[in-house]
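Let me begin by presenting the structure, written as structure tokens, before commenting on it.
The values are calculated or read from the model by the stated rules, or taken from the named source; none is laboratory data. These figures come from a predicted structure and were not determined experimentally. No Cβ is skipped: glycine too gets one built from the backbone with ideal geometry, and neighbour counts run over all protein chains shown.
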Amino acid sequence: MSKERNVDLAKWSGPKRPYDLVKEFVIAFLVVGLLVGAISAIFSSPDEPAVTLQQWANQAPADFVATTAGELAGTTISAAYGPPYNNAAEGLKLGPLKIQKWAGVTIPVNPAVDFVATPLKFSKDPSVPAALAQWNGASSDQQLKWATDYSTALGKAGDYTKVTASDAYGPVPTMATGLLALAQSDVLDGLLTTTVTPYPSDFTKPMLFLADGTYFDDLGAKQHLHGDQWGMMNETGSYPGQSWLWLFSLWYQVEPFKSSENADIQIFALLMLLNLGFIFMPKIPFINRLPRLIPFHRLIWRRYYKENNL
């Protein structure tokens, strides 16, 4: 065993001084608490008010109607997401491991029914009940054709006000504008948050519906909250973000994660491996010898080593 190793294991015989750990903790707690309170009072909170379906419908009605048609056509992100909402896709995979599919559908969501057809039962528009009855009485193929044709027409026109109602679209235009009216009157937000429980506490459905459109996505881009904008560690406005999350955000900026459809699960697995590496670092051959091969600690404690001729 080396001389330095013996010194490391020997009982400390150097100078000592009293140290009040409780006093240090109390002082640190008070100082940090006062700083946090003062800065919060001066700069306020960086969080912005929640985006609502009413806000979306009033500020971007064309996008709202187009998204509604997409929900009926089954072409939105929610409709094709897969578990835990539906079986439309397998979801995230880690190599051969189909993690999301194995978890199964735990929060069943049918966008066409949950976001559109069911809320329309509460519409005050006299033309909506007949349109809803026509939709529910049609075959799934006919429903798909109506919604797809209307979505295509909206895509070409760019605005639902420029699309003339036609038999080719069936009841879809009436249903879409009827849902728009519900949202603009601030009724749809409540309907979608109380479908599972009578208390407005489950925001899964309105959040999914909102995320299917481009309005919410554009708001995120303006605040630099997208994944390719290091959004995980950013904050809204000019407030500083969570800099300690850089290690998570970093991987979304580089390949192969940047273009991968399974980036979330891949990055999660990578970070778990890195964390295990930190935990078991003292047991990893060669790595556990680096402190002795690169004795940086001797520079920090140079006075101690000099005084003890080590």
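If you take the residues of the range 261-288 that are touching a helix residue (DSSP H, G or I) at 6+ places or on another chain (Cβ under 6 Å) and modelled with pLDDT under 90, which of them is farthest from Gln100 (Cα to Cα)?
Asn288
When you look at Val22, is it at pLDDT 75 or above, β-branched (Val, Ile, Thr) and loosely packed, with under 10 Cβ neighbours inside 10 Å, yes or no?
Against the criterion (at pLDDT 75 or above, β-branched (Val, Ile, Thr) and loosely packed, with under 10 Cβ neighbours inside 10 Å), Val22 qualifies.
List the pairs whose first member sits in the range 150-162 and is over 18 Å from Trp135 (Cβ atoms), whose second member is of a type in the set (Gly, Ala, Ser) and not in a loop (DSSP other than H, G, I, E, B), and whose Cβ atoms are under 8 Å apart, counting only residues at least 6 apart or on separate chains?
Listed pairs, sorted by first residue: Gly155/Ala66; Gly158/Ala62; Asp159/Ala62; Thr161/Ala62.
Hey, among Lys101, Lys156, which residue is closer than 20 Å to Gly70 by Cα and either of a type in the set (Lys, Arg) or in contact with a strand residue (DSSP E or B) (Cβ under 6 Å, 6 or more places away or on another chain) (or both)?
Among Lys101, Lys156, only Lys156 is closer than 20 Å to Gly70 by Cα and either of a type in the set (Lys, Arg) or in contact with a strand residue (DSSP E or B) (Cβ under 6 Å, 6 or more places away or on another chain) (or both).
From the list Gly91, Gly170, Gly137, pick out the single residue that is surrounded by 19 or more Cβ atoms within 10 Å (Cβ to Cβ), farther than 23 Å from Leu192 by Cα and either of a type in the set (Ser, Thr, Tyr) or over 31 Å from the mean Cα position of the chain (by Cα) (or both).
Answer to the selection: Gly170.
Condition check: part of a helix (DSSP H, G or I), within 25 Å of Asn58 (Cα to Cα), out of contact with any Gly (no Cβ under 6 Å at 6 or more places or on another chain) and β-branched (Val, Ile, Thr). Does Thr174 satisfy that?
yes
Conditions tested, residue by residue: (1) in contact (Cβ under 8 Å) with a residue 24 or more places away in the chain; (2) more than 16 Å from Phe115 (Cβ to Cβ).
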residue: Ala211; (1), (2): yes, no
residue: Leu219; (1), (2): yes, yes
residue: Lys222; (1), (2): no, yes
residue: Asn234; (1), (2): no, yes
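Checking the condition assigned to a helix (DSSP H, G or I) and either in contact with a Leu (Cβ under 9 Å, 6 or more places away or on another chain) or among the small types (Gly, Ala, Ser) (or both), which residue from Gly237, Gly241, Gly190 passes?
Gly190
Within the set of pairs 6 or more residues apart or between chains, which connect a residue that is free of Cβ contacts under 8 Å to residues at least 40 places away in the same chain and at negative phi inside the range 255-270 to a residue that is polar (S, T, N, Q) and not in a loop (DSSP other than H, G, I, E, B) with Cβ atoms less than 9 Å apart?
If the second residue must be polar (S, T, N, Q) and not in a loop (DSSP other than H, G, I, E, B), the pairs left are Pro256/Gln266; Phe257/Gln266; Ser260/Gln266.
Each row is one residue, and each column tells you yes or no for (1) crowded, with 16+ Cβ neighbours inside 10 Å; (2) touching a helix residue (DSSP H, G or I) at 6+ places or on another chain (Cβ under 8 Å); (3) more than 29 Å from Thr106 (Cα to Cα).
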| position | (1), (2), (3) |
| --- | --- |
| Thr193 | yes, yes, no |
| Pro200 | no, yes, no |
| Tyr215 | yes, yes, no |
| Leu247 | no, yes, yes |
| Leu250 | no, no, yes |
| Ser259 | no, no, no |
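Just checking, which of Phe216, Phe257, Phe209, Phe268 is assigned to a loop (DSSP other than H, G, I, E, B), over 30 Å from Ala10 (Cα atoms) and either hydrophobic (A, V, I, L, M, F, W, C) or over 14 Å from the mean Cα position of the chain (by Cα) (or both)?
Of Phe216, Phe257, Phe209, Phe268, the one residue that is assigned to a loop (DSSP other than H, G, I, E, B), over 30 Å from Ala10 (Cα atoms) and either hydrophobic (A, V, I, L, M, F, W, C) or over 14 Å from the mean Cα position of the chain (by Cα) (or both) is Phe257.
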